[in-house]
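Here is the structure we will look at, set down as structure tokens.
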Amino acid sequence: MSYLRWLAALAAVVVALTLQVSLFPHVAWHGIVPNLCLLVVVAAALTVEAPFALVLGFVAGITLDLAPPADHIAGRWALALTVAAFLAARVRQDQKPTALAVIGTVAASSFVATSLFALTGVVLKDPTMSVSGLLEVVLVAVVWDVLLTPFVLPPLMKLFTRLSPQWATT
Amino acid sequence: MRGLGGRQDGRERRWTGLDRLESRNRAPRSLLVALVLASVTLITLDVSGGGSSPIEPARRVVGEAFGPAESAAAAAVRPFTAVPAWFRSKGDLADEVRDLEASNAELRGKVELAGFDRNRLEQYDGLTSAATDLGSALVPARVVALGSRQSQSFTVTIDAGSDAGIGPDMTVVNNDGLVGRVLRVTRSTATVLLIVDPDSTVGGRVGSSMEIGFVTGSGSLKEAAGLDLRLVDDASVPSRDDTVVTWGSSTGPYAPGVPIGTITEVYSSLREASQRAVVKPLVDFSALDVVGVMVPSGSASDRAIIEADGSLR
């Protein structure tokens, strides 16, 4: 069961990443696309146990860091998505999360992950960007992620729940 | 006393409830710390490694795996991206024809006036091409994936790699002008750094005065924001509407003589005592599709190569 769950999670990350770089640039707003990998990680954090979600966040981040056309310093998305997964797992309640709670968690995780990525960029001087540009990127990314939540999160959460019944929230 | 005890009981019940929640989905601090440290280690490795970073082989492996998936996804999406073009009205097309006729007439006028200049230029051109045979050919490729703004790097993946004869630091152009250079290749894909990336610097030459300078990306896809040009010679003032081309070298990453863009604005900075010009790129980076990679003439490739004289091989 555990293998199956890992397989499903990794497949979700691969599909999310491929769509993110190949499909969504055609509908992007000033080059800002929805972060589907983050949505996969949040879906895992809201349904299954925290260690799984954390490791999945790390793995999804590494994939985002290494898969072409990425050229930033590797490890930055890994750090951002691990922390986002940790936060999403913290706010998780014992009962099934309401739609509003899910959207709130996605918005918060998206804000934290994109900001954290931008901050590491500022610290490492990876590209030098203006603060207003960063703010625009962060806010538009949050809007994108929230917009896609109703289409992406429910099926993913159903999938994770089915693959790990012992952790499923009732 | 009783009331107080009751309250304490109630509070304790709530605490135990929280404890139960905690134990059920305990966020493992140690795991978080371990993963964060792993990320920081990766960052450190990549930063300290510089050009020959130990992450590079991992990037290549992941690229080999994701390249075909990205190519397939882009091929599946491509028919749908053309849909908006079907819905253009006759009015739009008529406007476009009128604009094109106007610009055609203007260009024809320029060409007729420039007869003398052209003759002189031809002599120079013959001289330079005899001296250094550029002898480069173009490998056609399509853009299959674009980096997101969140990732803060302006890079794209193209569907031609080392099998097509492409290697790092090769110049990438399209029919409008300079697109960027190849950063790294896998067997079937290559990652291209666009010239609008803030990390990208291209040696540029102002067309009319032959002054040299450096063109850096502004980190924006907006055409107006464009690129920054700083001239080496502080005294020379670039003029508006002048064309900027690469000065490059045959060994460096950018081939010489590729048009980059036109100067739209010129600022003089008193503090730095230098001239700064805004260059509008000729390439529309938000709608990149077919590009060409400049490879040495006669190099082996898995696809048809466009040779310097225009023939297909």
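The values are calculated or read from the model by the stated rules, or taken from the named source; none is laboratory data. Bear in mind that the values here come from a model prediction, so they are computed numbers and not experimental data. Heads up, the Cβs are rebuilt from the backbone with ideal geometry, glycines too, and the neighbour counts pull from every protein chain shown.
Examine region A:69-90 for a residue that is under 30 Å from residue B:198 (Cα atoms) and among the charged types (D, E, K, R), and state whether such a residue exists.
yes
Residues B:228, B:176: which one is closer than 16 Å to residue B:264 by Cα, touching a residue at least 40 places away in the same chain (Cβ under 8 Å) and surrounded by fewer than 22 Cβ atoms within 10 Å (Cβ to Cβ)?
Being closer than 16 Å to residue B:264 by Cα, touching a residue at least 40 places away in the same chain (Cβ under 8 Å) and surrounded by fewer than 22 Cβ atoms within 10 Å (Cβ to Cβ) holds for just one of B:228, B:176, which is B:228.
Do the conditions hold for residue B:88, that is, is it over 19 Å from residue B:247 (Cα atoms) and either modelled with pLDDT under 75 or more than 21 Å from the chain's Cα centre (by Cα) (or both)?
Against the criterion (over 19 Å from residue B:247 (Cα atoms) and either modelled with pLDDT under 75 or more than 21 Å from the chain's Cα centre (by Cα) (or both)), residue B:88 qualifies.
Kindly indicate whether residue B:281 is surrounded by fewer than 18 Cβ atoms within 10 Å (Cβ to Cβ) and either at pLDDT 80 or above or of a type in the set (Val, Ile, Thr) (or both).
No, not satisfied.
Could you check region B:289-313 and list, in sequence order, the residues that are modelled with pLDDT under 80 and assigned to a strand (DSSP E or B)?
B:306, B:312
Residue-by-condition table, conditions (1) at the interface with chain B (Cβ under 8 Å from one of its Cβ atoms); (2) out of contact with any Lys or Arg (no Cβ under 9 Å at 6 or more places or on another chain); (3) among the charged types (D, E, K, R):
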position	(1), (2), (3)
A:4	no, yes, no
A:9	no, yes, no
A:14	yes, yes, no
A:20	yes, yes, no
A:30	yes, no, no
A:37	no, yes, no
A:45	no, no, no
A:58	yes, yes, no
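Residues A:6, A:29: which one is farther than 30 Å from residue B:158 by Cβ and of a type outside the set (Val, Ile, Thr)?
Going through A:6, A:29 in turn, just one is farther than 30 Å from residue B:158 by Cβ and of a type outside the set (Val, Ile, Thr): A:6.
Return yes or no: is residue B:71 more than 7 Å from every other protein chain (Cβ to nearest Cβ), closer than 30 Å to residue A:49 by Cβ and at pLDDT 85 or above? Explain how you work it out, then say what you get.
Values: more than 7 Å from every other protein chain (Cβ to nearest Cβ): yes; closer than 30 Å to residue A:49 by Cβ: no; at pLDDT 85 or above: yes.
When the stated conditions are applied, residue B:71 does not pass them.
Report, by residue number, each residue of region B:182-195 that is in contact with a strand residue (DSSP E or B) (Cβ under 6 Å, 6 or more places away or on another chain) and surrounded by fewer than 24 Cβ atoms within 10 Å (Cβ to Cβ).
Residues satisfying the conditions are B:182, B:183, B:184.
Got a number for residues in region B:142-179 being of a type outside the set (Phe, Trp, Tyr) and either at the interface with chain A (Cβ under 9 Å from one of its Cβ atoms) or assigned to a strand (DSSP E or B) (or both)? First the steps, then the outcome.
Just the residues of region B:142-179 that are of a type outside the set (Phe, Trp, Tyr), to begin with: B:142-153, B:155-179.
Narrowing further to those that are either at the interface with chain A (Cβ under 9 Å from one of its Cβ atoms) or assigned to a strand (DSSP E or B) (or both): B:142-153, B:155-158, B:171-173, B:178-179.
Here the count works out to 21.
Considering region A:64-86 alone, what residues qualify as being more than 7 Å from chain B (Cβ to nearest Cβ) and touching a residue at least 40 places away in the same chain (Cβ under 8 Å)?
Residues satisfying the conditions are A:64, A:77, A:80, A:81, A:84, A:85.
Can you find a residue in region B:41-54 that is at the interface with chain A (Cβ under 7 Å from one of its Cβ atoms), more than 27 Å from residue A:125 (Cβ to Cβ), surrounded by 15 or more Cβ atoms within 10 Å (Cβ to Cβ) and not hydroxyl-bearing (Ser, Thr, Tyr)?
Scanning region B:41-54 turns up no residue that is at the interface with chain A (Cβ under 7 Å from one of its Cβ atoms), more than 27 Å from residue A:125 (Cβ to Cβ), surrounded by 15 or more Cβ atoms within 10 Å (Cβ to Cβ) and not hydroxyl-bearing (Ser, Thr, Tyr).
Given the conditions (1) part of a helix (DSSP H, G or I); (2) at pLDDT below 90, which single one is not true for residue A:14?
(2)
Being facing another protein chain (nearest Cβ under 10 Å) and buried (at least 22 other Cβ atoms within 10 Å of the Cβ), is that true of even one residue in region A:101-108?
No; the residues of region A:101-108 include none that is facing another protein chain (nearest Cβ under 10 Å) and buried (at least 22 other Cβ atoms within 10 Å of the Cβ).
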